[in-house]
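K.L.:
Can you keep this structure in mind? I'll have questions shortly.
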Amino acid sequence: MVIDKNKMYNVQNRSASMVGYAIEERHITREFQPYETKTLPFWELEALSFQSGGRRLISDFLLIREAEVTESLNIPTQPEYYMNEKQIKDLLMTGSLDAFLDCLDFAPDGVIEIIKKMAVDLPLNDVSKRKALLDKTGFDVGKAIETLAPDEDEAPAAAAPKRRVQPASKTPGRRTAPNYKVVSQ
């Protein structure tokens, strides 16, 4: 398949961290903020794929929805590569355990990050999926939820205490002269 090298494609950073790269021959430096989408020409993606670590960056952290681009760049993809947040939420809430295990085995790092975040935010109540996530990634959903929960032994913030006796001096560190009643003779 021949692709027009100047055709523009949407490229999204699907990770929760900043992703960047430099193509020195073309004097290009790009930084993607978390979940940011940029429109890039095919020739730039091709040049990135020739850089050291560029193919891994595309396959694990960046998302290109057009399958013909990843095929042309020889980036191996599984169905999990194209998953969006709605599909991940459906997988966590109603998907089978086998589908979830397949996702953990074949999904790129960016999708795994979204799974971890959503497992805490939703929260993920399926114990077998929590255990599978812990076994595959070392991420304990229960501990993460527990860490984010407010401490039960802490009392709610009480109103600031009020003074019962007012200090003699309003300005700290200064002494005031005693109040004498002047009597005339």
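Read the figures in this text as sums done on the coordinates, not as results from a lab. What you see is a predicted model; the values in this text were computed from it and never measured. Note that each Cβ is placed from the backbone with ideal geometry, even for glycine, and that neighbours are counted across all protein chains shown.
K.L.:
For the stretch 23-57, which residues satisfy the criterion of being touching a residue at least 24 places away in the same chain (Cβ under 8 Å) and of a type in the set (A, V, I, L, M)?
P.N.:
Selection gives I23, L40, L45, A47, L48, L57.
K.L.:
Might you let me know whether the stretch 101-114 holds any residue that is over 19 Å from D60 (Cβ atoms), outside any helix (DSSP H, G or I) and in contact with a helix residue (DSSP H, G or I) (Cβ under 8 Å, 6 or more places away or on another chain)?
P.N.:
no
K.L.:
Output the residue which, of all residues in the stretch 120-141 that are part of a helix (DSSP H, G or I), out of contact with any Phe, Trp or Tyr (no Cβ under 8 Å at 6 or more places or on another chain) and of a type outside the set (K, R), is surrounded by the most Cβ atoms within 10 Å (Cβ to Cβ).
P.N.:
Residue satisfying both the conditions and the ranking: V141.
K.L.:
Return yes when E31 is touching a helix residue (DSSP H, G or I) at 6+ places or on another chain (Cβ under 8 Å), closer than 29 Å to D121 by Cβ and among the acidic types (D, E) and no when it is not.
P.N.:
no
K.L.:
Tally the residues that are in contact with a Ser or Thr (Cβ under 6 Å, 6 or more places away or on another chain) and under 16 Å from M83 (Cβ atoms), restricting the search to the stretch 11-23.
P.N.:
Within the stretch 11-23, the first condition is being in contact with a Ser or Thr (Cβ under 6 Å, 6 or more places away or on another chain), and the residues that meet it are 12, 22.
If we keep only those that are under 16 Å from M83 (Cβ atoms) as well, we get 12.
So the count comes out to 1.
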